[in-house]
Amino acid sequence: MKKILIADDEKNMLWAMKRALKGKEYKIITASDGLEAVDNFKLYEPDLVLLDLKMPKMDGMNALKEIKNINRNIPVIMITAHGTMESAVEAMKLGALDYISKPFDIEMLKIQIEKALEIGDMKEEINFLTQELRSSTGKIIIGESPQMKKVLDMVKRVSKSNATVLITGESGTGKELIASAIHYSSHRKDKPYIKVNCGALPENLLESELFGHDKGAFTGAVSKKLGRFERANGGSIFLDEIGELSLAVQVKLLRVLQEKEIERVGGTEVIKADVRIITATNRDLKKMVEEGTFREDLYYRLNVIPIELPPLRERKEDIRLLVEYFLEKHCKDMGRKKINISKDALNILTDYSWKGNIRELENIIERVVILNSSELIDKNDLPREILSKNNTEFKFNLPPDGVKLEEVEKSFIMQALKRCDNNQTKAAKLLGITRHTLIYRMEKYNIS
């Protein structure tokens, strides 16, 4: 049974929400002020928190800070009769998942609660996956955006099977890290995990590397050599840059997938291969199939479970987390105290397009750490190429009496959809968000 903590100083509101959620399988915990909310959060460890903004003793904003300090992954929905843009935006910055303004529709609140609980469950699964990866490789996956949550949820699902996985995405998006996460969260995690960069080896060596060779198979083959598939037996093999394989090697790989067996170069012995195959590419394999440079039958064998990694520019919510992680990492490598970053500098990094994705971001942070001797990175400390592409700024002047953020958001969404003839992909691009985020907001505001 899921536990929900509701904090509101209005007794009638508490009663109404408890009554509305009575039919659901929820255990409802209440609090009439911010301090009681924090105490009850520590005591009952709820799965979801609903916080009123204006409460005695401690307001909702400070209660939110305290709760997020205890558990940063807990989903929190802010409820307020004072839903101005400033308060809602500030709450979201502090980690609130969503907000709803009084008076609100009970059915809409129920939908938001269900979605928030789903996100909470997903965060728990992601934490487990991240810990497994960290303990096995020393690396972690960073990301709390909807896109990365979807990717990590897929990783958790596919890791339970032996299905072949094809990871696609631009260079620098973290394909190798996702492949490692699949292996180390699977039942094969204690078996070998072999990585091969198919684009780094010439064709005449790649076949021997993958499948091995017998003594005398070619000039220089003075002894038998086990290939990567044999070495990976019982475990997983990760074939990066799979689009670089020649057609001849593609034929041999197809046999492995179909028959679960290999033959060494120059040999006749058929060797069984119990290997989970994970592949990755930044190329368009469908287009390569059409052009005749990639086998169609192999493509469908590889593409059993496709996982597409979003570029960094489409998951801007994760940039702050990545910046903080890379600052800590490279300061530690240099043996210096962690450097902080100003809001202006962080905003510039967030607005940058990042064509090189996470790899480019890490390189920039490493450069800044090396060249900056102060304890705070300001916008002037950022490289010129970053600053030159962030010289445009949109400003929204808040009226003296404030505005309803929900109304502004709904208006912008409707304008974007109208301008793009209801094409959701184009409208999302116009708004600087992903299509999934747009659809979520459309459902929230009942925009058809």
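Read the figures in this text as sums done on the coordinates, not as results from a lab. This structure is a prediction, so every number in the text was calculated from the model and none was measured. Note that we place each Cβ from the backbone using ideal geometry, even for glycine, and neighbour counts take in every protein chain shown.
Some observations on this one:
- Those GluC sites (Glu not before Pro) in region 167-273 that DSSP places in a loop and that have at most 13 other beta carbons within 10 Å: 269
- Cα-Cα over 25 Å, subset of 195/272; 149/272; 22/65; 18/54; 54/110; 175/286: 149/272; 22/65
- The radius of gyration of the Cα set in region 315-448, together with its Dmax, comes out at 18.4, 55 angstrom.
- Footprinting exposure proxy for 89, 368 (fewest neighbouring C-beta atoms within 10 Å first): 89, 368
- GNM top mover of 231, 313, 419 - the chain, alpha-carbon springs below 10 Å: 419
- Long hydrophobic helices in the chain: the complete DSSP H runs spanning 20 Å or more by Cα along their own axis with mean Kyte-Doolittle hydropathy of at least -1.0 are 106-137, 319-333, 357-371, 405-419.
- Sorted by Cβ neighbour density within 10 Å, fewest at the top, the residues 186, 171: 171, 186
- In this entry, region 313-387 is assigned a mean projected area of 4.4 nm², taken as a quarter of its C-alpha convex hull surface.
- With the convex hull of its Cα atoms as the shape, region 146-308 has an orientation-averaged projected area of 9.5 nm².
- For the chain, built as a Gaussian network whose Cα springs stay under 10 Å, the top-fluctuating residue of 266, 212, 169: 266
- Derived value for region 1-57: Kirkwood hydrodynamic radius 11.2 Å. Basis is the mean of 1/r over every pair of different alpha-carbon atoms.
- Expressed per residue, the C-alpha convex hull volume of region 405-444 stands at 55 Å³.
- The eigenvalues of the Cα gyration tensor, multiplied by 5 and square-rooted, give the chain an equivalent ellipsoid with semi-axes of 47, 26, 22 Å from largest to smallest.
- Residue exposure sequence - 439, 6 - by fewest surrounding Cβ within 10 Å: 439, 6
- Inter-centroid distance (Cα atoms) of region 154-217 relative to region 231-277, Å: 11 Å
- Estimated FRET transfer efficiency when R0 is 60 angstrom, pair residue 150-residue 217 (beta carbons, to 0.05): 0.85
- Kirkwood radius, region 260-319, all distinct C-alpha pairs, inverse of mean reciprocal distance: 14.9 Å.
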